[in-house]
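Since the structure comes first, as structure tokens, the remarks are kept for the end.
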Amino acid sequence: METSRRDFLKVATIGGAAASVFGFDLAPAYAQLRELKIARATETRSTCPYCSVSCGVIIYTLGDKAKNVTPQVIHVEGDPDHPINRGTLCPKGASLEQDILNERRLVKPQVRRPGSDHWDDISWDDAISEIAKLTKKTRDDTFVEKDANGHTVNRCEGISFAGGCTDTNEFNMLVVKTMRSMGVCYLENQARV
Ligand code: SF4
């Protein structure tokens, strides 16, 4: 029997769902291949960070349990037990592994000073301290006690806050309480709290 490249790719594409051009079912071989890929991996359930649909994902990691080994993500797929997506992911969510394993991903805070044309690394302690000082200064400079009609408004017009779908409801609740206590009214997140 002659097997063309197209026939072979066709079999590979359907994943051995039917008898192959080789005359036997390739499904067990594909299943074993998949099993081998993730057999020793740790499964971590998580949430896709890209949009508010919040599809469930499983992140497979190697090396979590050995000493002196940096854990390595080897595979990400939709969580079949998740009630929202039941194992499916849109193309963006399906590329999540490339978001995690990306050498351009920022893993530390950076700051771009006024007038500078580049970003500098900064420690977490310094970043938090600077953000706190600038937040207080901006709030003090832009706080409005009464509007033009003399009505008491007590609002801060110089700060806005935007949250994302990766923020938990608990985090968003704290953000809302913090921002509201400062008088911030330009406040948005995807949790609708
Ligand atoms: S997989 Fe797609 S639809 Fe689901 S949360 Fe991610 S971006 Fe949104």
What span do the alpha-carbon atoms of the range 124-193 cover on each of the three principal axes, reported in whole Å from largest to smallest?
-> 40, 31, 14
FRET efficiency, Gln110 to Asn149 (Cβ-Cβ, R0 45 Å, nearest 0.05) = 0.55
Kindly state, as a whole number, the per residue volume in cubic angstrom of the convex hull around the alpha carbon atoms of the range 49-193.
-> 189
Could you tell me the distance between the Cα centroids of the range 77-98 and the range 154-186, to the nearest Å?
-> 29
Largest-first ranking of Phe24, Phe143 by accessible area, probe 1.4 Å, whole protein assembly kept, is Phe24, Phe143
Sorted by chain and number, the residues with a modelled amide H under 5 Å from that of Asp79, at a separation of 5 or more or across chains, are Gly56, Val57, Ile58, Gly87
Determine, from the Cβ-Cβ distance of Ile131 and Arg40 and an R0 of 45 Å, the FRET efficiency 1/(1 + (r/R0)^6), rounded to the nearest 0.05.
-> 0.65
Can you give the net charge of the other residues whose Cβ lies under 15 Å from the Cβ of Lys108, counting K and R as +1 and D and E as -1?
-> -3
Given the pairs Lys146/Lys177; Lys108/Lys136; Lys137/Lys177; Lys92/Lys133; Lys108/Lys146; Lys92/Lys136, which span a C-alpha to C-alpha distance of over 29 angstrom in this model?
-> Lys92/Lys133; Lys108/Lys146; Lys92/Lys136
Under a 1.4 Å probe, counting only protein heavy atoms, Thr70 has an accessible area in Å², nearest 10, of 110
Taking the Cα centre of the range 97-174 as the origin and placing charges on Cβ (Lys, Arg +1; Asp, Glu -1), which of Trp124, Met173, Asn149 is farthest toward the positive end of the dipole?
-> Asn149
Of all the accessible heavy-atom surface of the range 66-114, with the other protein chains kept in place and a 1.4 Å probe, what percent is carbon and sulfur?
-> 50
Protection-proxy order for peptides 78-87, 51-60, each taking the mean of Cβ atoms within 10 Å per residue, highest first | 51-60, 78-87
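The values are calculated or read from the model by the stated rules, or taken from the named source; none is laboratory data. Every value quoted in this text rests on a predicted model; they were computed, and no experiment measured them. Neighbour counts are summed over all protein chains in view; Cβ atoms, including those assigned to glycine, are modelled from backbone coordinates with ideal geometry. For the accessible areas, the whole protein counts, side chains as well, though only heavy atoms, and no ligand, DNA or RNA atoms are used. Shrake-Rupley method; radii C 1.70, N 1.55, O 1.52, S 1.80 Å.
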